[in-house]
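The values are calculated or read from the model by the stated rules, or taken from the named source; none is laboratory data. Everything quoted here is computed from the prediction, not taken from an experiment. As a convention, Cβ positions derive from the backbone with ideal geometry for all residues, glycine included, and neighbour counts pool all protein chains shown.
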Amino acid sequence: MKNIGRGLRFIICSFLALVFFHLKQVFAQEFSDKNEAIAAMKVSFITKKLNLTSKEAQVFWPVYNEYQDELETLRKSHRKSINSAKDDFIQLTDADIEKLVDEQITFRQNEIDLLKKYHPQFKKVLPVKKVALLYKAEEDFKRQLIKQIKGR
């Protein structure tokens with residue numbers, strides 16, 4: 001009788017683990033799909049705002065995508081440090097908080113440095129007027145996205 005109980009527990013635990021694993025994959029896929037949809041919206045938005053010719057788009061998007069990849073890597077790294085501190089913020093010492101603030105400033109400086117690195121590259125592939133429009137379009141897209149999220 002004990003063996004049946006163990007077997008049943010094993011089956012139930014296995015079933016729950018399988019369900020949990022499946023749900024995790026579904027949510028990960030949903031998150032990935034949403035990120036891809038947002039990225040596609042951003043590409044469309046920027047292309048329209050910059051009024052890119054096909055020739056401009058052909059040389060611009062590889063540079064911009066490289067920039068976005070480096071920016072995302074930077075942001076992921078920053079999120080990890082912020083999230084680990086967020087859980088026990090109340091217990092942090094003043095020195096720990098000062099370190100977090102310093103890291104935030106360093107992160108922002110790294111974002112600026114990355115933009116400074118890519119700005120000349122953007123100017124090589126686009127007229128300066130379109131580079132300026134790019135920066136405005138990125139901000140406009142963020143505002144539009146926030147509006148859409150708030151509207152839900």
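Brief remarks follow.
- Which listed residue is assigned to a loop (DSSP other than H, G, I, E, B), more than 30 Å from residue 54 (Cα to Cα) and either of a type in the set (D, E, K, R) or touching a strand residue (DSSP E or B) at 6+ places or on another chain (Cβ under 8 Å) (or both), from 96, 88: 88
- Only one of 116, 142 that is exposed (fewer than 11 other Cβ atoms within 10 Å of the Cβ), charged (D, E, K, R) and part of a helix (DSSP H, G or I): 116
- Residues considered: 100, 71. Of these, the only one that is among the aliphatic types (A, V, I, L, M) and either on the phi > 0 side of the Ramachandran plot or at pLDDT 95 or above (or both) is 71.
- Check on residue 121, touching a residue at least 60 places away in the same chain (Cβ under 8 Å) and among the polar types (S, T, N, Q): no
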